[in-house]
Amino acid sequence: MISNQTIKGSIDQLKAITKIDFSVWSLDGSLVAATQTQEMMRPDAVIQFAQSLADSQELSGCHFFKVRNEEDPEYVLIARGTGEDVHMIGRIAVSQLQELMIAYRERFDRNNFVQNLLLDNLLLVDIYNRAKKLHIEPQVRRVVFIIETKMERDNSAMEVVRNLFGTEDGSLITEVDEKSIILIQALDADTVYDDLKETAAMIRDTLNTEAMVDVRVACGTIVDEIAQVSRSYKEARMALNVGKIFYSEKRVHMYNKLGIGRLIYQLPENLCRMFIKEVFTKMQPDDFDEETLTTINMFFGNNLNVSETARQLFVHRNTLVYRLEKLSRSTGLDIRSFDDAVTFKIALMVENYLKYLEKHS
């Protein structure tokens, strides 16, 4: 429904142009907005007019008009002034308010449609019928981005996204929960996934600069028609979850680039626990101190290169070798060996996944 502030702004603009005072009332005689602060109309007169069959009426120097939402009266507009033009200007005000109501209703209906589309709450025939009614082209290449903010209902972030992606090109923007902004971007025929990754990075950088918020951006796969948008949304949601679990240092997560994290995310919990028990027969990952974890992550980050890892850790090469041998004795895995390194890396990722499950159980 159109807000009282919007109605107030509209009639204030009309008064500035016409020098005529306006007031808008609900059908039960409650004042919604007014340009004048004195000599207000009595509520019973408003109610009496609202219940009459007339669309307009003049009483005591005031012109009454019914503002309709489609066929049914929604408000009563009163124009107060003298002269032959007051009635005509009142009609113009009614027309403006009705156009505002149509625009807000369409925006609400479109937002409601998109939310239900993403959540698979619509039948296939309803998707195409409602898309046609809302002037949404069904046969367009689209992709879903999920922009997750740390703050609930971050209006500044939503405003930045709306400014970046207008609706003229067929893009759609909505929310489905307290911390996620959903962008359904319409794409050109030659758009590829590298372009989408650049778009996601641009969204992250712009929000960081203009809205001063740190966000994660996840992207699904490209779909060719409106009925497939929910699939891209589910993929983007999975990319976001997998990214937060396994690649927490990154802020952009592409569904088509989830790597081994995608496989682990879909494994049963009991199988993951069995794997951890099999790999870590001696020391458990939770027992590693900060120095050991830093050494492991740096060693993996440098592709098992001992010399480069020692240089970045600012330690002697022999000191690093000692640490790795100590880790090997405590876990039974020598991560200088490729096979053991792969097993160790996967085991750490599985351990992170199990912690995630425990946190969200």
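The values are calculated or read from the model by the stated rules, or taken from the named source; none is laboratory data. All values reported here derive from a predicted model rather than from experimental measurement. FYI the Cβ positions are ideal-geometry reconstructions off the backbone, even for glycines, and counts take in every protein chain you see. The protein model used for the area step is the full one, side chains on, heavy atoms only, and it has no ligands, DNA or RNA in it. Shrake-Rupley method; radii C 1.70, N 1.55, O 1.52, S 1.80 Å.
Some notes on this structure:
- Hey, Ala131 over 30 Å from Leu77 (Cα atoms), part of a helix (DSSP H, G or I) and either open to solvent by less than 50 Å² (accessible area, probe 1.4 Å) or in contact (Cβ under 8 Å) with a residue 12 or more places away in the chain (or both) or not: yes
- Of the helices (runs of 4 or more DSSP H) entirely within the stretch 207-312, those holding at least 1 residues that are in contact with a strand residue (DSSP E or B) (Cβ under 7 Å, 6 or more places away or on another chain) and either crowded, with 17+ Cβ neighbours inside 10 Å or of a type in the set (Ser, Thr, Tyr) (or both) occupy 229-246.
- Checked against the criterion of being more than 41 Å from the chain's Cα centre (by Cα), of a type in the set (S, T, N, Q) and open to solvent by 20 Å² or more (accessible area, probe 1.4 Å), the candidates Thr331, Thr319 yield just one match: Thr319.
- Here is the figure for the stretch 106-124: residues that are of a type in the set (A, V, I, L, M, F, W, C), in a helix (DSSP H, G or I) and open to solvent by 90 Å² or more (accessible area, probe 1.4 Å) total 2.
- From the list Leu271, Leu293, the one residue that fits, being hydrophobic (A, V, I, L, M, F, W, C), farther than 16 Å from Ser328 by Cβ and without any contact (Cβ under 8 Å) to a residue 12 or more places away in the chain, is Leu271.
- Subset of the stretch 2-41 [touching a helix residue (DSSP H, G or I) at 6+ places or on another chain (Cβ under 6 Å), within 18 Å of Gln98 (Cα to Cα) and either outside any helix (DSSP H, G or I) or modelled with pLDDT under 90 (or both)]: Ile2, Phe22, Val24, Trp25, Leu27, Val32, Ala33
- Entry remark, the stretch 18-73: residues being open to solvent by 40 Å² or more (accessible area, probe 1.4 Å), of a type in the set (S, T, N, Q) and within 37 Å of the chain's Cα centre (by Cα) number 2 in total.
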